[in-house]
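Only the coordinates and a few stated rules stand behind these numbers; no lab work does. In this text, all values refer to a predicted model and were calculated from it rather than measured experimentally. Don't worry about glycine lacking a Cβ; one is built from the backbone with ideal geometry, like all the others, and counts go over all protein chains shown.
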2 protein chains.
Amino acid sequence: MHLELTADEVLTTTRAVRKRLDLDKPVEPEVIRECTDIALQGPTGGNTQGWRFLVVYNADKRAALAELYRRGWARYKQAPGSVFDLSDREAPGPSRQQFVRVARSADYLAEHLERVPVHVIPCIKSRVEGMAANSAALASVYGSILPATWSFMLAARNRGLGTCWTTVHLLYEQEAAELLGIPYEEVTQVALIPTAYTLGTDFKAAQRRPLDDILYTDSWG
Amino acid sequence: MHLELTADEVLTTTRAVRKRLDLDKPVEPEVIRECTDIALQGPTGGNTQGWRFLVVYNADKRAALAELYRRGWARYKQAPGSVFDLSDREAPGPSRQQFVRVARSADYLAEHLERVPVHVIPCIKSRVEGMAANSAALASVYGSILPATWSFMLAARNRGLGTCWTTVHLLYEQEAAELLGIPYEEVTQVALIPTAYTLGTDFKAAQRRPLDDILYTDSWG
């Protein structure tokens, strides 16, 4: 199902889809290949192309990833200072209500993750912890995989698929690496992208903070 | 100039433009606003929207950034193990010839950077060095600004603008922060995106490593 959207449509309607995923409809590997092929047109530092996309269809492995994800999500949600710790929030920018909605939606995704037919784990050949004090190196490494990851999600949207950018399984990245045979010392996982056909395709742009709050000219503020 | 490209066209033809930039044609702030507005539809962890886009039009500041950039580029190129150290390259994947071409093109950009009419510096409210040993936190922070940065570049392409993802000025990030009044301790710069109208708009997809080299199913390799 190719939606044939315009560039601006895809860029403004690729939402974090957590609940409107069709958990019963299989996703053809051919469509995932198309999206990944498009993703590879993204940039990498020095054109090194150290990216790898690990696509998990296997049900047992998805169940195991979902378990790690739920542990990560529980830990993340309860961490002091978490945006999802709503006990004393003064709602800077997005309202408290919006956080509650996102948190509920994220709970739903966590509960149903093993039923999402495809889990995509983008990886980069580099181990980031060693780059501790070097923001230039970190920016170059993440900049060599995250644009392609986003391209994958945009291409997926154009094919009727929904995705959601998640990172909480990385709290147990080493366990995930063992599960999937990823050489942890040489390769960093950067996200887990649940991918499924969406229930309906009529997504709209999100409400965001006003442009003038975040767009600065010539100097900060 | 709105090119009205399809999503797949934009995703496959947004190249790193270093030489085909029109250095004499001003870029209207209104177009930059449009691209940034579209960028804000990208994801952020927990919808925190800690992103800021600092857009530099001022010629003196662009000249100062270009100077930092040239220092960074010289250091990066000569670093041991740099992909641009071509003295002993066995050309894994992309050929030596391709690296030479990219290096020359990057030299050109470095030499002309102050003449590129707009420098966009995407920032995220977080200081990454403190997250040293936590790849989950790093992925979340970079994942809250790099997708939007790439959206900016894709939206720019759809408007006849060329961009290039660069990070070498970050080797002197603190100096750049001082120049632009960015609160370095609280905010991380993640890139510098030179932005200008392109000379012609007929960009084609890049040649990349074969899909089967980088797309793995159910386990690594």
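Decide, for the range B:172-211, between rounded, prolate and oblate: order the square roots of the alpha carbon gyration tensor eigenvalues as a ≥ b ≥ c, take rounded if a/c falls under 1.5, and otherwise choose prolate if a/b is larger than b/c, else oblate. Spell out each step's value before the answer.
Working: a/c = 4.86, a/b = 2.01, b/c = 2.41.
Oblate shape, in that a/c is at least 1.5 and b/c is the bigger or equal ratio.
Name the long-range amide H neighbours of residue A:196: under 5 Å, sequence gap of 5 or more, or other chain; modelled H, no Pro or chain starts.
For residue A:196, whose amide H was placed from the backbone, the distant partners under 5 Å are A:162.
Taking θ as phi - 60°, what are the ³J(HN,Hα) couplings along the range B:190-200 by the Karplus curve (6.51, -1.76, 1.60), each to the nearest whole Hz, with x for Gly and Pro?
10, 5, 9, 10, x, 9, 7, 4, 8, 7, x
How big is the C-alpha Rg of the range B:105-158 next to the rule-of-thumb value 2.2 N^0.38 Å, as a ratio?
Values: Rg = 14.9 Å, N = 54, 2.2 N^0.38 = 10.0 Å.
Output field value: 1.48.
For the pair residue A:67 and residue B:2, how long in nm is the line joining their label points, each one 7 Å along Cα→Cβ?
Here the answer is 5.1 nm between the modelled labels.
Roughly how compact is the range B:1-111, stated as its Cα Rg over 2.2 N^0.38 Å to two decimals?
On the way: Rg = 17.9 Å, N = 111, 2.2 N^0.38 = 13.2 Å.
So the Cα radius of gyration is 1.36 times the expected 2.2 N^0.38 Å.
Using a Gaussian network model on chain A with a 10 Å cutoff between Cα atoms, which of A:140, A:105, A:126 fluctuates the most?
A:140
For the range B:169-180, take each phi angle, set θ = phi - 60°, evaluate the Karplus expression 6.51 cos²θ - 1.76 cosθ + 1.60, and give the result in whole Hz per residue in order, putting x for glycine and proline.
5, 5, 5, 10, 4, 5, 4, 5, 4, 4, 4, 9
Which whole number gives the average, over all residues in A:169-180, of C-beta atoms from other chains lying within 10 Å of the residue C-beta?
Details: counts 1, 8, 4, 1, 4, 1, 0, 0, 1, 0, 1, 4.
The mean count of partner-chain Cβ atoms within 10 Å per residue comes to 2.
Enumerate the calculated ³J(HN,Hα) couplings along the range B:21-38 in order (Karplus 6.51 cos²θ - 1.76 cosθ + 1.60, θ = phi - 60°), each rounded to whole Hz, writing x wherever the residue is Gly or Pro.
For the range B:21-38, the Karplus-derived couplings read 9, 7, 7, 9, 9, x, 9, 5, x, 4, 5, 5, 4, 4, 4, 5, 4, 5 Hz, x marking Gly and Pro.
Distance from a point 7 Å along Cα→Cβ of residue B:178 to each backbone N in the range A:192-221: keep the residues under 17 Å and list them by number.
A:220
Select from B:120, B:100, B:190 the residue whose mean-square fluctuation is largest in a Gaussian network model of chain B (Cα-Cα springs shorter than 10 Å).
Checking each option, the largest mean-square fluctuation is seen for B:100.
So in the range A:7-214, what percent of DSSP beta bridges are antiparallel if you round to the nearest 5? Write out the running numbers ahead of the final one.
Values: 17 of 18 bridges.
Expressed as a percentage, antiparallel bridges in the range A:7-214 total about 95.
Restricting things to alpha carbons, tell me how big the protein assembly as shown is in terms of Rg and Dmax, in Å.
Every Cα atom of the protein assembly as shown included, Rg and Dmax give 20.4, 58 Å.
Taking loop as defined by DSSP and a crowding limit of 14 other beta carbons within 10 Å, which trypsin sites (Lys or Arg not before Pro) in the range A:140-221 fit?
Values: sites: A:157, A:159, A:204, A:208; in loops: A:159, A:204, A:208.
Qualifying residues, ordered by number: A:204.
May I ask for the longest run of chain A untouched by GluC sites (Glu not before Pro) that are loop-located per DSSP and have at most 12 neighbouring C-beta atoms (other than their own) within 10 Å? Kindly include the intermediate steps, with their values, before the conclusion.
Working: sites that count: A:4, A:90, A:185, A:186.
Value returned for the longest uninterrupted segment is A:91-184.
Sorted from largest to smallest, which semi-axis lengths in Å does the alpha carbon gyration tensor of chain B give for its equivalent ellipsoid, taking the root of 5 times each eigenvalue?
Working: eigenvalues 119, 106, 93 Å².
Each semi-axis is the square root of five times an eigenvalue, giving 24, 23, 22 Å.
Mind listing P(r) for the range B:137-221? All alpha-carbon pairs, 10 Å bins, whole percents.
14, 30, 34, 18, 4
Pull up all non-local amide H partners of residue A:21: gap of 5 or more, or a different chain, and H-to-H distance under 5 Å with H placed in the peptide plane.
A:199
Taking each residue in A:1-14, count the Cβ atoms of any other chain within 10 Å of its Cβ, then average. What number comes out?
Numbers: counts 0, 3, 1, 3, 3, 8, 17, 12, 2, 8, 14, 7, 1, 6.
Whole-number average of other-chain Cβ neighbours for A:1-14 is 6.
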